[in-house]
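Derivation of every value follows stated rules applied to the coordinates shown; laboratory data play no part. Note that the structure is a prediction, hence the values are computed from the model and not measured. Note: ideal-geometry Cβ built from the backbone for every residue, glycine included; neighbour counts use all protein chains shown.
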Amino acid sequence: MSVVKEHYKMEKFPSNDVMLDLENLKKVYPTPKGDYVVLENLDLQIRKEEFITIIGHSGCGKTTMLSMIAGLNPISDGKIKVLGSSIKGPGPDRGVIFQSPSLMPWLTTFENVMLGVKKAYPDATKKQKEDICKYYLHKVGMDSSLNKRASEISQGEQQRVGIARAFAIKPKVLLLDEPFGMLDSLTRGQLQDVLIDVWNKEKITAVMITHDVDEAIFLADRVVMMTSGPSAKIGDVLAIDFERPRSRKAILEHDDYYKYRKHLIDFLEH
C-alpha cells in the first residue's frame, strides 16, 4: 500500500454505474492580493450506492467541495454531474447533513422532518407524509420524542433528527459534513451505527467529510484523501475491502484494519 500524492490518476467507471461525477473541478476566491485557488484539477467519480469518506488537513477544501456538490457554492470551473446531468444549484436530489443539525428549535422533531417531506412529496396525502416522517424517526430511534421541540432534546438527538430528515426526502446523494464532529465519542459511535444501519437499507450514495481516520474506515467503501491547499486535489483513494453489514468489533480484529489505518495516517503526516 504505497501512498500516492500528486500523480493520483482517477479510476474511471462505466457511465451507467456513476452517480456523482466531478470533472476538472476548480474553486477560486478573488482577494485583494489576487486569486486564491482552493481546489484545482479535482477529478472524482462516485458510484451508485457507494459510501465515500473524505479526509484531509483543515483548509484543504473538503467543505468547499461538498458545498459545491450541494449547489450552495458556485463552481469556478469544471463540472459536477448527478446521473450525467450537470447541477444548476441546490436540489432535492442532494440531501445535506451538517455538523450542526440546523433544526427549527421551536418546532417538534416530527414537524422538522415534515418540513422536508412536504417539499419532497407535494402530491402525497397527509397520512402518507405523516407515515414517512414516523418511519424515519423510528429508524433513528426517536419514536418517543415525536412531539418534543428541537430545543428540548440533546445535540445527539438533534443529529438523529437531522439524519431522519435527510433520508426522508429520498435524495440520490447524501452529503455529510462532519455530522458527528461536535459529539462525545460514545454518542458519535452510536450515531455512526444509526447512520450506517439506515444507509444499508436505503442504499443512497453517500459522501462524508471526517477528520476521524477510524470513522473514515468503518463507514466507507473508499476513503478519498485530499492534498493540502491551496490548489488542493485528490491525492489518493483507498478501497476498504470489508464485507457489509460491518461490526465494529470484527473490523478492529481484522488484520487489514491496521494496514488501512497506517496508510491514511502516513498520507496525512507526509
Partners for K259 among lysines (Cα-Cα distance below 21 Å; same-chain residues under 8 apart left out): K5, K249
Value at 222 nm in deg cm²/dmol, rounded to 500, when DSSP H runs of n ≥ 4 in the chain each add -39,500 (n - 2.57): -10500 deg cm²/dmol
On a 0 to 90 degree scale, rounded to 10, what angle separates helix 155-168 from the longest Cα axis of the chain? 90
For the stretch 181-198, in order, what is each residue's ³J(HN,Hα) by Karplus, 6.51 cos²θ - 1.76 cosθ + 1.60 with θ = phi - 60°, in whole Hz (x at glycine and Pro)? x, 9, 9, 5, 4, 5, 5, 4, x, 4, 6, 4, 5, 4, 4, 6, 5, 5
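Starting from 0.36 nm per residue, how many nanometres of slack lie between D93 and A250 once their C-alpha separation is accounted for? Walk me through the intermediate numbers first.
Working: separation 157, 0.36 × 157 = 56.52 nm, distance 3.39 nm.
Difference between extended and current length: 53.1 nm.
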How large is ³J(HN,Hα), in whole Hz, for each residue of the stretch 43-57 in order, when computed from phi with the Karplus curve 6.51 cos²θ - 1.76 cosθ + 1.60 and θ = phi - 60°, using x for Gly and Pro? 10, 7, 10, 10, 7, 4, 6, 8, 10, 10, 10, 10, 10, x, 5
Could you name the lysines whose alpha carbon sits less than 21 Å from that of K127, not counting residues in the same chain fewer than 8 places away? K118, K119, K139, K148, K170
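Classify the stretch 1-89 from the C-alpha gyration tensor, please: rounded if a/c falls under 1.5, else prolate or oblate depending on whether a/b exceeds b/c. Before the final figure, lay out the partial values.
Values: a/c = 1.95, a/b = 1.27, b/c = 1.53.
It comes out oblate by the Cα gyration axes.
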Simple spin-label model, 7 Å along Cα-to-Cβ: T125 to D197 in nm? 3.0
DSSP loop (so not H, G, I, E, B), at most 10 other Cβ within 10 Å: list which trypsin sites (Lys or Arg not before Pro) in the stretch 1-100 pass both filters. K9, K12, K33, K88
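Name the GluC sites (Glu not before Pro) in the stretch 1-93 that are in a loop by DSSP and that have at most 15 other C-beta atoms within 10 Å, would you?
Working: sites: E6, E11, E23, E40, E49, E50; in loops: E6, E11, E49, E50.
Hits after loop and neighbour filter: E6, E11, E49.
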Apply the Karplus parameterisation 6.51 cos²θ - 1.76 cosθ + 1.60, with θ equal to phi minus 60°, to every residue of the stretch 109-119 and state each ³J(HN,Hα) to the nearest whole Hz, in sequence, with x for glycine and proline. 4, 4, 5, 5, 6, 4, 3, x, 4, 4, 6
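Taking 8 Å as the Cα distance limit and 6 or more residues as the minimum spacing, I'd like the relative contact order of the stretch 182-270 as a percentage. Don't jump to the answer; show the numbers that get you there.
Working: 53 pairs, mean separation 20.4, N = 89.
The normalised contact order for the stretch 182-270 reaches 23 percent.
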Scan the stretch 124-202 for trypsin sites (Lys or Arg not before Pro) in coil per DSSP, keeping those whose Cβ has at most 16 other Cβ atoms within 10 Å, and list them by number. K148, K172
